[in-house]
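Novice: Shown below is the structure under consideration.
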Amino acid sequence: MSAFEIRDCFYLDGAPFQIISGCIHYFRVPPAYWDDRLKKLKATGCNTVETYIPWNLHEPRRGEFRFDGGLDVGAFLRLAQANGLYAIVRPSPYVCAEWEFGGLPAWLLEGENIPLRTHEGPFLGLVDRYYRALFPHLVPLQIDRGGPVLLMQVENEFGAWGAEDPEYLAALAGLMRDNGATVPFITSDNLENESLSRGTCPGALATVNFGSGAAEKLEVLRPYAKGGPLMVTEFWVGWFDHWGNGGHMHGNPESPQDLDDMLDMGHVNIYMFEGGTNFGFMNGSNYYDELTPDVTSYDYDALLTEAGDFTGKYHKFQKVISKYAPIPKVEFTTEIKKRAYGKLTAVSQTGLLQNLENLSEPIVDNFPVCMEKCGQSYGYILYHSTLKHEQNIERIRLW
C-alpha cells in the first residue's frame, strides 16, 4: 500500500513525485496491443498512463453495463501496473475526447427532458447508478489499495460548458467519494472564457489543457492551483482530423521545448501518446461555423501512430524526458504483423432502398423524430414523406 498526496508538490509515500504521463485510451486500442503501447510509453521515461472512461460504451443501454473485452478498464490498469506504470483515471460523465456525444449515452435523449451536467433534474441520479457499476472496477486499483491509480478527475473542461454550477461539481465529487474513491481529485480546464474560474471544485487540484506557450500559461494556472503543483492534464501534441480539413493535422513544432518548460515547472500528461481509432460510430464532431465531423482515425499526430509505430516526435520527447527521469530499457514482446490485403472484388450487389423492409421496420409519425426517440443510438435513419397539398413548394427548407 502507498500514499499519494497533494501539497506544494505531489508526494508518493512522503517523497516528492513528478508525474510524467502519456494518454492512451484503452477503448481506442484493441486489447491485443495494450501491452505493446504501455511498454512503449514506459520506454519514453514516462511513469504514468492516463485514460478517460466513456460512459456511453460502458452503459450502452439504460441499466445495461459492459466491462468485458476491450472495455475491461480494470485489466488495462492492472497491465499498466505490471509494466511499472502508475495511472490517472478520468471517469467524469462527460469526457469530450472528440468522442461521440462527449461520452454521454445517447439514451439520455430518448425520452424525458434530462438537463445535462447539472445538479438539477435526474442527471446526477443516473450518474450515481453508473458509478455504482463502474467504481467496483476502480476502487481496488487505487494507490492506497495497492493499485496504480494516483488521481481521478471530477469533471472535464466544465468551465467551457458555459454554466456556473458549483453545486453540480461538489455533488459529483461527493458521488465519487460515496462510491469508494479515496485518491486525490483534479479538474482540468482550458484557459479561455474564464474556464478555470467556472470549472474548479473545492477539494480538487485545478489543472489546465493547452498545446503551446507552456511557461506563460502555467503562470495563468498558478493562482488557481492555490499553492499546489502546476500540472498540464492535456498537453496537446497534435490535433484531430475532420472531414474536409485539407490533410492530416499536425501539432506545435515547438512541442519539445514546451514539454521541457512544463517539466521544469511542474507535471504533464501528453495528449495523446497514441491516439488510436474511433471504432464504429464513435467519432465526434464539432459545430462552430459549420459541422466538422471527425474521421475514423484518431492518429492525432501523436508520439505513436494509429498503428503504434514510433515517430520522430517520440524520440524528441524521449530526449527531453531524459533530462528529468531515467530512460529504462524495455523489451517489446508483442508480435505485430502488418498485412496488405490487395484488391477485393465484389461478386454481387443489391440496392439499399430496395431492401429497407428486410433491414428495418417503419415508424409512422406526423413529424420527423430524432433517432434517439426511435430507440436507435447510432447509424442512419431514412426519412421520407409524400407531399400532397403543399402549394408553395419553394418555401420548404431542408437542413
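Novice: Suppose a student asked you for the relative contact order of the range 171-212, using Cα pairs under 8 Å spaced at least 6 residues apart; what percent would you report?
Specialist: Numbers: 38 pairs, mean separation 16.1, N = 42.
Relative contact order here is 38 percent.
Novice: Still on this structure, please answer the following. Restricting to Cα pairs below 8 Å that are 6+ residues apart, what does the relative contact order work out to for the chain? Please round to a whole percent. Show your work: numbers first, answer last.
Specialist: On the way: 707 pairs, mean separation 69.6, N = 399.
Result for the chain is 17 percent.
Novice: Shifting gears a bit: How long, wide and thick is the range 177-323, going by the Cα atoms along their three principal axes, in whole angstroms, largest first?
Specialist: 43, 37, 34
Novice: Quick one: ranking Y33, Y298, Y380 by accessible area, 1.4 Å probe, largest first, what do you get?
Specialist: Numbers: Y33 70, Y298 5, Y380 185 Å².
Descending order: Y380, Y33, Y298.
Novice: A follow-up question, please. In degrees, nearest 10, range 0 to 90: what is the angle between the Cα axis of helix 166-178 and the longest Cα principal axis of the chain?
Specialist: It works out to around 70 degrees.
Novice: To test your reading of the geometry: what angle, between 0 and 90 degrees and rounded to tens, separates the Cα axis of helix 123-138 from the longest principal axis of the chain?
Specialist: The answer is roughly 50 degrees.
Novice: Under a cut-off of 28 Å between alpha-carbon atoms, report the lysines in cross-link reach of K313, not counting same-chain residues fewer than 8 places apart.
Specialist: Straight-distance partners of K313: K39, K40, K42, K217, K323, K329, K337, K338.
Novice: Another question about this same structure. Alpha carbons only, please: Rg and Dmax for the range 38-183, in angstrom.
Specialist: Cα-based Rg and Dmax for the range 38-183 come out at 15.5, 49 Å.
Novice: Ignoring ligands, DNA and RNA, what accessible area per residue does the chain give at 1.4 Å, in Å²?
Specialist: Working: 20250 Å² over 399 residues.
Dividing the accessible area of the chain by its residue count gives 51 Å².
Novice: At a Förster radius of 56 Å, what calculated FRET efficiency corresponds to the Cβ-Cβ distance of A325 and E394, to the nearest 0.05? Kindly include the intermediate steps, with their values, before the conclusion.
Specialist: Details: r = 67 Å, r/R0 = 1.20.
That gives a FRET efficiency of 0.25.
Novice: Quick one: work out Rg over Rh on the C-alpha atoms of the range 286-399, Rh as Kirkwood radius.
Specialist: Working: Rg = 25.6 Å, Rh = 21.6 Å.
Here Rg/Rh amounts to 1.18.
Novice: Extending each Cα 7 Å along its Cβ direction at R78 and R177, get the distance between those two points in nm, one decimal.
Specialist: 3.0 nm
Novice: Still on this structure: Put a dot 7 Å past each Cα toward the Cβ at T334 and F67; how far apart are the dots in nm?
Specialist: For F67 paired with T334, the spin-label model returns 2.2 nm.
Novice: Divide by every residue of the chain the summed helix terms, -39500 (n - 2.57) for each DSSP H run of at least 4, and state the resulting mean residue ellipticity at 222 nm, rounded to the nearest 500 deg cm²/dmol. Spell out each step's value before the answer.
Specialist: Values: 10 runs with 94 residues, N = 399.
Per the formula, -7000 deg cm²/dmol.
Novice: Using a simple spin-label model with points 7 Å from Cα along the Cα→Cβ vector, what separation in nm is obtained for Q349 and Y380?
Specialist: If labels sit at Q349 and Y380, their model points lie 1.4 nm apart.
Novice: Further question on the same structure: Hey, any idea what % of the chain's accessible area is carbon plus sulfur with a 1.4 Å probe? Please list the in-between numbers first.
Specialist: Details: 10650 of 20250 Å².
It is 53 percent, rounded to a whole number.
Novice: Under 17 Å from a label point 7 Å along Cα→Cβ of E112: give me every residue in the range 55-82 with its amide N that close.
Specialist: Only 62-63 pass the distance filter.
Novice: Sort the following peptides by mean Cβ neighbour count (other Cβ atoms within 10 Å, averaged over residues), highest first: 128-136, 254-262.
Specialist: Values: 128-136: 17.2, 254-262: 20.3.
Descending mean neighbour count gives 254-262, 128-136.
Novice: Tell me, what ³J(HN,Hα) does each residue in the range 339-346 have, in order and in whole Hz, if you take phi through Karplus 6.51 cos²θ - 1.76 cosθ + 1.60 with θ = phi - 60° and put x for Gly and Pro?
Specialist: Once rounded to whole Hz, the list reads 9, 9, 8, x, 8, 10, 10, 7.
Novice: So for the range 17-85, Kirkwood radius off the Cα pairs, Stokes-Einstein at 20 °C and 1.002 mPa s: how many µm² s⁻¹? Let's see the in-between values first.
Specialist: Details: Rh = 12.7 Å.
The estimated diffusion coefficient comes to 169 µm²/s.
Novice: Report, as a whole number in µm² per second, the diffusion coefficient that Stokes-Einstein gives for the chain at 20 °C and 1.002 mPa s using the Kirkwood radius over alpha carbon pairs. List each step's numbers first, then the result.
Specialist: On the way: Rh = 22.8 Å.
Translational diffusion coefficient: 94 µm²/s.
The values are calculated or read from the model by the stated rules, or taken from the named source; none is laboratory data. Predicted model, so just to flag it, every value in this text is computed and none were measured. So basically every Cβ, Gly included, is an ideal-geometry build from the backbone, and we count neighbours across all protein chains shown. Note: accessible area is taken over every heavy atom of the protein model, side chains too, but ligands, DNA and RNA are not part of it. Shrake-Rupley method; radii C 1.70, N 1.55, O 1.52, S 1.80 Å.
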